[in-house]
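The values are calculated or read from the model by the stated rules, or taken from the named source; none is laboratory data. Given the structure is predicted, the values throughout are model-derived calculations rather than measurements. Glycine gets a Cβ as well: all are built from the backbone with ideal geometry, and neighbour counts include every protein chain shown. Just so you know, the surface numbers come from the protein's heavy atoms only, side chains and all, with ligands and any DNA or RNA stripped out. Shrake-Rupley method; radii C 1.70, N 1.55, O 1.52, S 1.80 Å.
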Amino acid sequence: MTLTLHETAPEASLREIVAAVRTFNHETTGLPRGRAFSVEIRDEAGALLGGLAGDLWGNAFHLNALWLREDLRRTGHGSALVRRAEEFARAQGATVAYVETLSFQARPFYEKHGYGVFGTIEEIAPGVEYYFLSKRL
């Protein structure tokens, strides 16, 4: 038996570790593997203007990432991405949604959409907090 630390994790190792966790989760809960999805806004040429990456597992929708080009922020496009993702998640049977954000990112945006903080890691970096938010769908 060996114990090895990789300062830069090999992609194959990361895939193997995640697959082992997913197998354990499936064997324990009987639930299938989570399913990733995205909602995107693109221009006429196909360039990404904004998008949301999420996944569904069990009764939950995890909002993994939300990005909108800076000149399109505060125009309603971010809200449209979140609403569309939540509608899709509800249609798939999700009853809860959760997201993480940093203090310099989008906490007020998520709170505006009904998410509430249920946990905080203070000083995850100098002057930066990490927030965990959720809401019922």
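Give me the percent relative contact order of the stretch 1-101, please, defined on Cα pairs under 8 angstrom at least 6 residues apart.
21 percent.
Axis of helix 77-91 versus longest Cα principal axis of the chain: the two differ by about 60°, to the nearest ten degrees. Count Lys and Arg as plus one, Asp and Glu as minus one, and take only other residues whose Cβ is under 13 Å from that of Glu129; the net charge is then -2. Would you mind classifying the stretch 1-71 by shape? Square roots of the alpha carbon gyration tensor eigenvalues, ordered a ≥ b ≥ c; an a/c under 1.5 is rounded, otherwise it is prolate if a/b is larger than b/c and oblate if not. Since a/c reaches 1.5 but b/c is at least a/b, the shape of the stretch 1-71 is classed as oblate. Highest mean packing first, where packing is the average number of other Cβ atoms within 10 Å per residue, the peptides 72-83, 55-66 line up as 55-66, 72-83.
Shown in residue order for the stretch 12-28 are the 3J(HN,Hα) couplings computed by the Karplus curve 6.51 cos²θ - 1.76 cosθ + 1.60 at θ = phi - 60°: 4, 5, 4, 4, 5, 5, 4, 4, 5, 5, 4, 4, 4, 4, 5, 5, 7 Hz (x for Gly and Pro).
Rounded to the nearest 20, the Cβ-based charge dipole of the stretch 65-137 about its Cα centre (Lys and Arg +1, Asp and Glu -1) stands at 420 debye.
Assign one of three labels to the stretch 36-137, namely rounded, prolate or oblate, based on the Cα gyration tensor with a ≥ b ≥ c the square roots of its eigenvalues; rounded applies when a/c is under 1.5, prolate when it is not and a/b is larger than b/c, and oblate otherwise. Judged from the Cα gyration tensor, the stretch 36-137 comes out oblate (a/c at least 1.5, b/c at or above a/b). Solvent-accessible area assigned to carbon and sulfur over the chain amounts to 55 percent, based on a 1.4 Å probe.
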